[in-house]
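Asks: Okay, handing you the structure first.
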Amino acid sequence: MGPAAPAAAPPGHMARPRRTAATIEGTVIRPVVQKPPSGGVNKPVWLWWSGTGATTVEADRCWQSFLRRFDIEHIFRLFKDIFGWTKPRLRSSEAADRWIWLVIAAYVQLRRARPLATDLRRPWGKPTEPDRLTPARVRRVLRNLHAKTGSPAGAPKPSRPGPGRPPGSKNQRPATRHDVGRVLATGEAFSRPAHHKVGTKLCRGAPEVPPA
C-alpha cells in the first residue's frame, strides 16, 4: 500500500508552512557523582555549553560553575532582601550604576567585618564558626562594631531643611524619559499605537476617521 493521503484542511483554515529546526552546535557534559552527600538517588545530570571543542579544563570549569550557582543565587537574594537592590526607582542609568556599586561596597564591608563579629544567632539557629559567618549574621552585630570603630567624618552640625518648591507651583524640570528598547519578533522596533501616545485620547463610540 502506498502512503496515506494527507487529511483535508477544514474550510477557512490556512495551512502553515513547515519550519525546519535550526541546528545549534554546543558541548554536552554529564557529571557523574559516585556517592551523593545527602545519600539520595544519583540522578543523571546533563549540562549544555554553547562552546564547541571543549578541553578537559574547560569541561571541569563548566560543571564546577554549575555547582557554585547556589552561592550566586544567595548573593542576589541578599542584595534584594537585605540591601534593597531593586527598591529605588531610579531615572537614569548613571544613578543605577552608582547604586549597584554602593550595594557591592556594603557587601564587601560585611565580608571584611567578619573577623570582628561574634555569632549573634537566633534561639533556633545552629552555632557557626567565627570564620564562617554569613553576611546576614555579621549584619546583626554591625551596630555593636560601630561603637568600637572610629570615623573619619566630623561631628554633625545642626541645620534646617531647605524651603523646597513653593506650594502650588509646577515642576519646571521634568524627568527624562528613556526608551524601553522593546523589539518585535520580526526584528522591528516597537512603537506605541497612535491612541496611546501623549496628547491623544481614544473616545469610545466615536467614528473612526480614515487616514488622509
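Asks: Normalised by the residues of segment 106-167, what does the relative contact order come to in percent, with Cα pairs under 8 Å and at least six apart? Display every interim value, and only then the final one.
Replies: Details: 33 pairs, mean separation 19.4, N = 62.
It rounds to 31 percent for segment 106-167.
Asks: Would you mind getting me the FRET efficiency between Ser169 and Arg114? Use the beta-carbon distance for r and R0 = 35 Å, nearest 0.05. Spell out each step's value before the answer.
Replies: Values: r = 51 Å, r/R0 = 1.44.
Step by step, r from the Cβ atoms, then E = 0.10.
Asks: Viscosity 0.890 mPa s, temperature 25 °C: Stokes-Einstein D of segment 54-177 from its Kirkwood Cα radius, in µm² per second? Can you show the working numbers first?
Replies: Details: Rh = 19.2 Å.
Stokes-Einstein gives a translational diffusion coefficient of 128 µm²/s.
Asks: Which far-off residues, 5 or more places away or on another chain, put their amide H under 5 Å from the one on Leu47, with H placed in the peptide plane?
Replies: When sequence neighbours closer than 5 places are left aside, the close amide H contacts are Ile29, Arg30.
Asks: Something else about it: If we sort 93-101, 29-37 on the protection proxy, mean other Cβ atoms within 10 Å, highest first, what's the order?
Replies: Details: 93-101: 11.4, 29-37: 9.7.
The most tightly packed comes first, giving 93-101, 29-37.
Asks: Let me ask you something else. In cubic angstrom, how much convex hull volume per residue do the alpha carbon atoms of segment 122-187 span?
Replies: Values: hull volume 28.2 nm³, N = 66.
Hull volume over Cα atoms, normalised by residue count, gives 427 Å³.
None of the figures in this text is laboratory data; all of them are computed from the coordinates on show. In this text the structure is predicted, and so the values were computed from the model without any measurement. Ideal geometry is used to build each Cβ from the backbone, glycine not excepted, and the neighbour counts take in all protein chains shown.
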